[in-house]
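All of the numbers you see were taken from the coordinates with simple rules; none came from a lab. None of the values given here were measured: they were computed from a predicted structure. Note that each Cβ is placed from the backbone with ideal geometry, even for glycine, and that neighbours are counted across all protein chains shown.
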Amino acid sequence: MSYSFEGKVAVVTGGARGIGAAIAQAFREAGATVHIIDIAPGDWFVGDVSDKATLERFAAHVIGESGHVDVLVNNALPRMKGLDECTYEDFQYALAVGVTAPFYLTKLLAPHFAAGASVVNIASSRDRMSQPRTESYTAAKGGIAALTHALAISLSGKARVNSISPGWIDTTGSDITGADALQQPVGRVGKPDDIAALALFLCSEGAGFITGENICVDGGMTKLMIYHGEHGWRYEPEGRVGV
């Protein structure tokens, strides 16, 4: 399905690589003017979204260049560390990137949202499941999922706000086969374009009756139940083998 965003303005945080780059490219191909902020050097607005002053400068840059915003995609990636090595500062930084920045950038740009504006927050299937030692990332993704429905209510009548929770998305272009692919009921690992396609839909008029939702895009992985001893799988928790 094709969408037209001619004359629209889209803002994407963390848009230099991976999912963010795919989303930015999808909106460009649909006709939108796209503003990116990323910490990586490049021909976009370079800056760390954890920094309040940087967000203020970026918002001023966007409005100065384009005058309004139709789409805001909060995608910048929080730091992933766990109980074993995550410091207080590491955890605070993850929350700053993953929760505070989306909140504050939305607040800064909201007065300039055009009619029919849409915000898409990139959460994660880790907002409902975890691996060991991922506390900082998981907390940030859980936070942005909850922030989504709060913003949807506060911005009622001004912008729709939804979030996407990607599962395993390969951003390297690898050909992943075998068990790693088959553990997704659809039979493959996800691609950044899978997330970009949903972001386009959520910001289109076709999604005009959708707000406050968190949509998990994981090939069905979080719906697959596997018990110990099934399909050759054995559960042996680290540090608890034999328990």
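Against the condition closer than 27 Å to SER4 by Cβ, surrounded by fewer than 23 Cβ atoms within 10 Å (Cβ to Cβ) and either among the acidic types (Asp, Glu) or out of contact with any Asp or Glu (no Cβ under 8 Å at 6 or more places or on another chain) (or both), how does GLY116 come out, does it pass?
no
Within the stretch 37-47, the set of residues being touching a helix residue (DSSP H, G or I) at 6+ places or on another chain (Cβ under 8 Å), in contact (Cβ under 8 Å) with a residue 12 or more places away in the chain and of a type outside the set (Val, Ile, Thr) comprises ASP38, PHE45.
The set of residues from the stretch 149-167 being more than 17 Å from GLY20 (Cβ to Cβ), in contact with a strand residue (DSSP E or B) (Cβ under 8 Å, 6 or more places away or on another chain) and not small (Gly, Ala, Ser) comprises HIS149, LEU151, LEU155, LYS158, ARG160, VAL161.
Search the stretch 78-94 for residues being under 17 Å from PRO132 (Cα atoms) and among the acidic types (Asp, Glu), and hand back the single one that is surrounded by the most Cβ atoms within 10 Å (Cβ to Cβ). Quick ask: steps written out before the conclusion?
Kept after step one, since they are under 17 Å from PRO132 (Cα atoms), are these residues of the stretch 78-94: 78-87, 90-91, 94.
Subset that is among the acidic types (Asp, Glu): 84-85, 90.
Values: ASP84: 8, GLU85: 9, ASP90: 16.
This residue is ASP90.
How about the stretch 1-56: which of its residues are small (Gly, Ala, Ser) and within 22 Å of ALA159 (Cβ to Cβ)?
First, pick out the residues of the stretch 1-56 that are small (Gly, Ala, Ser): 2, 4, 7, 10, 14-16, 18, 20-22, 24, 26, 30-32, 40, 42, 47, 50, 53.
SER4, GLY7, ALA10, GLY14, GLY15, GLY20, ALA24, ALA26, ALA30, GLY31, ALA32, listed by residue number.
Among the candidates VAL97, VAL73, the residue that is in contact with a Pro (Cβ under 6 Å, 6 or more places away or on another chain), under 30 Å from GLY31 (Cα atoms) and crowded, with 17+ Cβ neighbours inside 10 Å is uniquely VAL97.
When you scan the stretch 27-42, do you find a residue that is over 22 Å from ALA117 (Cα atoms), β-branched (Val, Ile, Thr) and assigned to a strand (DSSP E or B), even just one? Scanning the stretch 27-42, I find no residue that is over 22 Å from ALA117 (Cα atoms), β-branched (Val, Ile, Thr) and assigned to a strand (DSSP E or B), so the answer is no.
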